[in-house]
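The values are calculated or read from the model by the stated rules, or taken from the named source; none is laboratory data. Note that the structure is predicted; figures quoted are calculated from it, not measured. Note that each Cβ is placed from the backbone with ideal geometry, even for glycine, and that neighbours are counted across all protein chains shown. The area values use the complete protein model at the heavy-atom level, side chains included, leaving out ligands, DNA and RNA. Shrake-Rupley method; radii C 1.70, N 1.55, O 1.52, S 1.80 Å.
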Amino acid sequence: MKKNMEKNSMFKKLVLTSAALMALSVPSANASESKGVHEIVDVPFSFEGPLGTYDKASLQRGLMVYRQVCSACHSLKRVAYRNLEALGYTPDQIKTIAGDVTVMDGPNDEGEMFERPGRPSDRFKSPFANDKAAAAGNGGAVPPDLSLITKARHNGADYVYSILTGYAEAPHGVVIAEGKHYNKAMDGNVIAMAPPLSDGAVSYEDGTPQIVSQYAKDVATFLTWAAEPELEHRKQMGVKVILFLCVFAGIMYAVKRQIWKKVH
Amino acid sequence: MSAGPHASQRTPFQNPVIEWVDQRLPIFTMVNKEYGVFPTPKNFNYFWNFGAIAMFMLVTMIVTGITLAMHYAANTGIAFDSVERIMRDVNYGWLIRYIHMNGASFFFIAVYIHIFRGMYYGSYKAPRELLWIFGVVIFLLMMATAFMGYVLPWGQMSFWGATVITNLFSAIPVVGTSIVEWLWGGFSVDNPTLNRFFALHYLLPFVIVGVVFLHIWALHVTGSNNPSGIEPKTEKDTLPFHPYYTMKDSFGLVVFVAIYAAFVFFMPNALGHPDNYTPANPMVTPAHIVPEWYFLPFYAILRAINFDIGIPFTDIVFFEAKLGGVLAMFGSIAMVLIMPWLDKHPVRSARYRPKFRVALLVFVVSVLALGKIGGMPADAPLAHIGSFLLTTTHIAQILTLYYFAFFLVILPYLSKRERPLPMPESINDAVLQGQKSDQKSEKCCEA
């Protein structure tokens, strides 16, 4: 009993000490913000962890945000409309989504290029014809393709979320050049992209709050799917593989013990 | 009825088909001799699993690699896209690629542990020097293969890593630039470079297979070393390889594969760099160019030499800093190669060499620390000591100094001076001693 109580008080001490340490560390985090160290928010996403899966409603909302906002400047050229089946759309819905764009095809039998509505087999249509056009339209900086953005940045989805929610007034003494913007999450705190989201900019039909942080979370989810469409399949397979290997290792160990018994 | 020189050593097989083949080519006799009844020291610990594990990784890499090569296109215009096609559109392409990508890391993990095992228990010492040299050759070939493989996806780190590493050869006096252009097949890392790297990346693993064969051949001539470092003397000291070690290796392998699978399925990109998911762009240099983690200790040694080497207080320079760094980097592996001649101490195992043991463990820590530093930017400030600013480069220099001192000073010194602990008469005695001390410790715990 006594031992237990001792343990309890030890535990309490530990908790109190760590709480005090945390309280101390909060102001220092604020201090680093004002100095301009880039700040990545850790967002709880449904696809994290070994059993994580995509939240389909969030994926669909994220697609909406991408199509209505991001797609004005950013391409998504490695994802095909047919891939949207994974978001829970029916083939007919996908046809409608693909049909919204006009793509250049050809040459036809007469040798002419021609325009036609998009098909499910097409990849997402890029907003600019080529990188030169993209740079010319965006003050010299090419907006990166978003198909792999969560894999191409440290902290992936958290990074995307943090950039989208990281716009703020530049602190005193920090001069931001014309056409650039202050962003807490960006390395160096200066970003060329103007704040793309604002509250109410995209209308959700399912009653989800129409605020920047929600848009950012949904589009970060969607872009994670765009970069890792195999994620759910991979993790589900991984659970089975690991379980199998653990059982197999156990059996192998038992057999090994049995064989070695005579030697020991 | 005598059929050639092997007939006398052959015991006939029961199965008529096997017997028919074996009479004509005694392959079953050989397998039985080398992997069936092969006398193996009975005191192996789990460190002895890593040879078999490395072998498994080599086969895994070749099988997944050939499959990937069926879908990959070695052309700067479409290499990145072809890899993404494998990831998205090829059936289970993501699985094959992640197995291959993480397989490189786990191959190196297995080989590093295997090398450490060899150092700790003195497996490099006579009569196993040639066996050790084949091992270092395999390691060098692996490094070349891994480096070229990393270039193939043609991401930012592929391109810039290739640029930095190939440029090292320009440090060679007089012919350096010509050599680099010859390696590139042009005046920068470009399509000819990618093409030849793919060809060599496909070729070298088979060269590795060849050297592995020599490595195992040499092993089967001398027999395995063991944790006591004492050669087997009687039959009491050994066990047949099968079923004892086939079983122990299988168990160790499954545990290793489980950890490997955890990476493949749950964090496939944890060991890679995000920049390699951005297509190569010769116009944009990444903020920090870093090689794959398994090269970081050598990269740190390369960068540690940031000063010209010459006669102090004069203008005479023998090596410029760049050449010095390159020599230090290759020299660090040359040290491992000549280790059998640096350490001439008659006792093999670190178990009976307390001083060597400490020096080796400090060496391991310094290599790990070099790896940590190699992943950080050079000249990054760490702390102020008075007016002196301590940077990552200073730490790298100290660690590099220890790395070379370990081989060139400590090993030769300990060879002459170190007095070993009393050693058991035989492997069997070593095992019995171990069991006694186990029982003692158990008793003391019960009390």
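Roughly how many Å² of A:LYS217 are accessible to a 1.4 Å probe, to the nearest 10?
Near enough 70 Å² of accessible area.
Within a Cβ distance under 12 Å of B:GLY272, other residues only, what is the Lys/Arg minus Asp/Glu net charge?
On the way: positive: A:LYS151, B:ARG97; negative: B:ASP275, B:GLU292.
Here the charged neighbours net out to 0.
Using a 1.4 angstrom probe on heavy atoms only, work out the carbon and sulfur share of the accessible area of chain A in %.
Of all accessible area on chain A, carbon and sulfur atoms account for 58 percent.
Taking H placed 1.01 Å from N in the peptide plane, check which residues at least 5 places from B:THR391 or on another chain put their amide H under 5 Å from its amide H.
Sorted by chain and number, the residues that satisfy this are B:LEU382.
List the residues whose amide H sits under 5 Å from the amide H of A:HIS38, counting only those 5 or more places along or on another chain, with H placed 1.01 Å from N in the peptide plane.
Amide H neighbours of A:HIS38, under 5 Å, 5+ apart: A:GLY188.
Counting only the backbone N, which residues of the stretch A:37-56 are under 12 Å from the spot 7 Å out from the Cα of A:ASP206 toward its beta-carbon?
Answer for the stretch A:37-56: A:54-56.
Which value in nm describes the separation of the simple spin-label points at A:LYS77 and B:LYS416, placed 7 Å from the Cα toward the beta carbon?
6.7 nm
List residues of the stretch B:326-340, by number, whose backbone nitrogen lies under 12 Å from a label position 7 Å along Cα→C-beta of B:ILE309.
Within reach of a label on B:ILE309, which here means backbone N under 12 Å from a point 7 Å along Cα→Cβ, the stretch B:326-340 contributes B:326-332.
Taking 10 Å² as the minimum loss, tell me which residues in the stretch A:133-148 lose that much accessible area going from the chain by itself to the full protein complex (1.4 Å probe).
A:LEU148
Which FRET efficiency value, to the nearest 0.05, is calculated for A:ASP105 and A:ASN130 with the Förster distance at 25 angstrom and r the Cβ-Cβ distance?
Efficiency for this residue pair is about 0.90.
Determine the percent antiparallel among the DSSP beta bridges restricted to the protein assembly as shown, to the nearest 5.
Here the antiparallel bridges make up roughly 100 percent for the protein assembly as shown.
Take the alpha-carbon centre of the stretch A:159-201, take the same for the stretch B:140-186, and report the distance between them in whole Å.
Between the Cα centres of the stretch A:159-201 and the stretch B:140-186 lies a distance of 38 Å.
Note every residue of the stretch A:197-238 with a reduction of at least 20 square angstrom in accessible area, all protein chains present versus the isolated chain, computed with a 1.4 Å probe, or write none.
Checking the loss per residue gives A:PRO229, A:GLU230, A:HIS233, A:ARG234, A:LYS235, A:MET237, A:GLY238.
Per-residue HN-Hα couplings for the stretch B:305-319, Karplus 6.51 cos²θ - 1.76 cosθ + 1.60 at θ = phi - 60°, whole Hz, x for Gly and Pro?
Rounded to whole hertz, the list is 7, 10, 10, 6, 9, x, 8, x, 6, 10, 8, 7, 10, 7, 10.
Want the number for B:PHE206 to B:LEU25: 0.36 nm per residue separation, take away the alpha-carbon distance, what's left?
Roughly 62.7 nm would be gained on extension.
Given H placed 1.01 Å from N in the peptide plane, which residues other than close sequence neighbours of A:VAL103 have an amide H under 5 Å from its amide H?
Sorted by chain and number, the residues that satisfy this are A:ARG116, A:GLY118.
Report, in deg cm²/dmol and to the nearest 500, the calculated mean residue ellipticity at 222 nm for chain B, where each DSSP H run with n ≥ 4 adds -39500 (n - 2.57) and the sum is divided by the residue count.
After summing the helix terms and dividing by the residues of chain B, the value is -19500 deg cm²/dmol.
Under the rule a/c < 1.5 gives rounded, and otherwise a/b versus b/c splits prolate from oblate, where does chain B land using the Cα gyration tensor?
oblate
With every protein chain left in place and a probe of 1.4 Å, what is the accessible surface of A:GLU112, to the nearest 10 Å²?
110 Å²
On the accessible surface of the stretch B:128-284, probed at 1.4 Å, how many percent belong to carbon and sulfur atoms?
The C+S portion of the solvent-accessible surface of the stretch B:128-284 is 75 percent.
Given a 1.4 Å probe and heavy atoms of the protein chains only, how would you sort B:ASP81, A:ASP158, A:ASP199, largest accessible area at the top?
Most to least solvent-accessible, the answer reads A:ASP199, B:ASP81, A:ASP158.
Express the accessible area of chain B per residue in Å², computed with a 1.4 Å probe while the remaining protein chains stay in the model. Walk me through the numbers before you get to the answer.
Working: 22410 Å² over 447 residues.
Averaged over the residues of chain B, the accessible area is 50 Å².
What trypsin sites (Lys or Arg not before Pro) in the stretch B:331-432 are in a loop by DSSP, with at most 13 other Cβ atoms within 10 Å of the Cβ?
Loop-located and lightly packed - B:LYS344.
Taking the simple approach of a point 7 Å from Cα along Cα-to-Cβ for both B:PHE213 and B:HIS71, what is their distance in nm?
Modelled inter-label distance: 3.1 nm.
Measuring from label point to label point, each 7 Å out along Cα→Cβ, what is the A:SER46 to A:ASP122 span in nm?
So the two model labels end up 2.9 nm from each other.
To the nearest 10 square angstrom, how much accessible area does B:VAL284 have with a 1.4 angstrom probe?
That residue has around 70 Å² of solvent-accessible surface.
Assuming R0 = 30 Å, what is the FRET efficiency of B:LYS236 and A:LYS240, from their Cβ-Cβ distance, to the nearest 0.05?
According to the calculation, E is roughly 0.10.
Using R₀ = 25 Å, calculate the FRET efficiency as 1/(1 + (r/R₀)^6) where r is the Cβ-Cβ separation of A:ALA254 and B:ASN45; round to 0.05.
Taking R0 as 25 Å, the efficiency between A:ALA254 and B:ASN45 is 0.80.
From the cross-link list B:LYS322/B:LYS372; B:LYS248/B:LYS344; A:LYS240/B:LYS372; A:LYS261/B:LYS42, which pairs have alpha carbons spaced over 23 Å apart? Walk me through the intermediate numbers first.
Details: B:LYS322/B:LYS372 21 Å; B:LYS248/B:LYS344 32 Å; A:LYS240/B:LYS372 34 Å; A:LYS261/B:LYS42 13 Å.
Check vs 23 Å cut-off fails for B:LYS248/B:LYS344; A:LYS240/B:LYS372.
Can you list the residues of the stretch B:266-305 whose accessible area drops by at least 30 Å² going from the chain on its own to the full set of protein chains, with a 1.4 Å probe?
Residues passing the criterion (a loss of at least 30 Å², heavy atoms only) are B:PHE266, B:PRO274, B:TYR277.
Residues of chain A: accessible area per residue at 1.4 Å, in Å²?
59 Å²
For chains B and A, what's the summed buried accessible area, probe 1.4 Å, to the nearest 100 square angstrom? Before the final figure, lay out the partial values.
On the way: alone 23970 and 17220 Å², together 38080 Å².
By this definition, chains B and A bury close to 3100 Å².
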